[in-house]
Amino acid sequence: MNFIVWSKKVVVRQTKVTMALHSKQMLLMLVLVVLFTKVATQPMSLPNCPKKCGSVTIPFPFGFTEGCFLDSTFLINCNKTSNSKKLVPFLPNTNQTVLNISLNGELHVAWPVAKDCYTKNRVRTEQTIQQINMTHFHISPTRNKLVAVGCDTSGILGVIDSEGNNYTSGCLAWCNRHADLVANESCSGPGCCQISVAQGRVLTEVFYFPLSSSSHSAVYDFNPCGYVFIVENGAYIFTTTDLPKLKKKNFPVLLDWAVGNQTCRKAQKDLSSNYACKADKSICYDAATNKSGYLCKCFDGYRGNPYLIHGCEGIIYFLSLVIILTYLYDSSLRDIFFLFFFFYFPG
């Protein structure tokens, strides 16, 4: 009888310990979620300013309502498109749809495809020449390529730099038979070619279009059109199904942006320059572009928007606290902690 009573006491005690550990786990997980959410939901725009245009986040210094952007350089138009009721962000006075804005100086926009198409009798049925003007933000010369798709297609790229100089280049995409092509082959000539954008210059205007030497007459059955477009590196993979008809009408292009036309050091010294790094835990650095200007970033161990007052919040002390808690009280939460960490801070 005594043995049975003792066994019951042990079971009750173990149950209480298990419940206590479970409650501790739940409490620590709640702390993890609250703290990580606090860091991950830091404000990206000025107070009382809209955060998004449609589905695209518009972080300060950009904005699309009065008083919500640093200056007119960073104004974004937020309008409804003609064929949709959804709000879409555009760069002012251009047809460039904004896809994403990153605080590290990258701006993704959509540029249209240029094409020319023919009938079997070599009559041209469609031709588009794309011309893009860039006032404030310029195409990244190292992160984009011109691509031509077709079997009787020359891709022509013309650019004008900030000094008014003109440059023209191109590539030839060719093939005689559809059977000559390898599915998903690299864009190296047969059916597809690519070239780099002019480097070492600030480009203010870009135009691109396809040319055909024989109006696609020899390849009409499987390739009646030629296509030319500019696209961010890695954002397009050639496939032979694009030869009969390229379904995409736009491709992502990466533009560079920076604040002002001064270096970081000059902007820090010039009080009249409206120094843009407002967060007290932020610092500026020169933009890695061919145009003068600087960007802001939070100190190491801090995260947020350095262009906002109090925009950089510390994560080192918070992370240290969480690590100590998980190691001292429950090692089973370590994997959960690292899962949260890499989800919120993938970079």
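Quick look at the numbers
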read-out: Amide N of the range 101-137 lying under 12 Å from the label point, which is placed 7 angstrom from the Cα of Asn93 along Cα→Cβ; value: 133-137
read-out: Highest to lowest packing among 128-139, 71-82, scored as the average C-beta count within 10 Å; value: 128-139, 71-82
read-out: Extension reserve of the Ser55-Lys249 stretch, reckoned as 0.36 nm per residue once the Cα distance is removed; value: 67.8 nm
read-out: Non-local Lys pairs in the range 106-256, i.e. 8 or more apart or on different chains, that have alpha carbons under 16 Å apart; value: 5
read-out: The range 106-256, relative contact order in percent, only Cα pairs under 8 angstrom and at least six apart counted; value: 39
read-out: Paramagnetic reach from Gln127 in the range 133-176 [backbone N under 15 Å; point 7 Å along Cα→Cβ]; value: 153-156
read-out: Relative contact order %, the range 45-98, counting alpha carbon pairs below 8 Å whose residues are six or more apart; value: 26
read-out: Residues Arg201, Arg124, sorted so that the one with the fewest Cβ neighbours within 10 Å comes first; value: Arg124, Arg201
read-out: Rough spin-label spacing in nm, given labels placed 7 Å along Cα→Cβ, for Ala218 and Asn166; value: 3.1
read-out: Distant-in-sequence amide H partners of Phe209 (H built 1.01 Å from N, under 5 Å); value: Ile156
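Values quoted throughout were computed directly from the atomic coordinates according to the rules given, and no laboratory measurement underlies them. Only a predicted model underlies this, so the values are computations on that prediction, with no experimental measurement involved. Ideal geometry is used to build each Cβ from the backbone, glycine not excepted, and the neighbour counts take in all protein chains shown.
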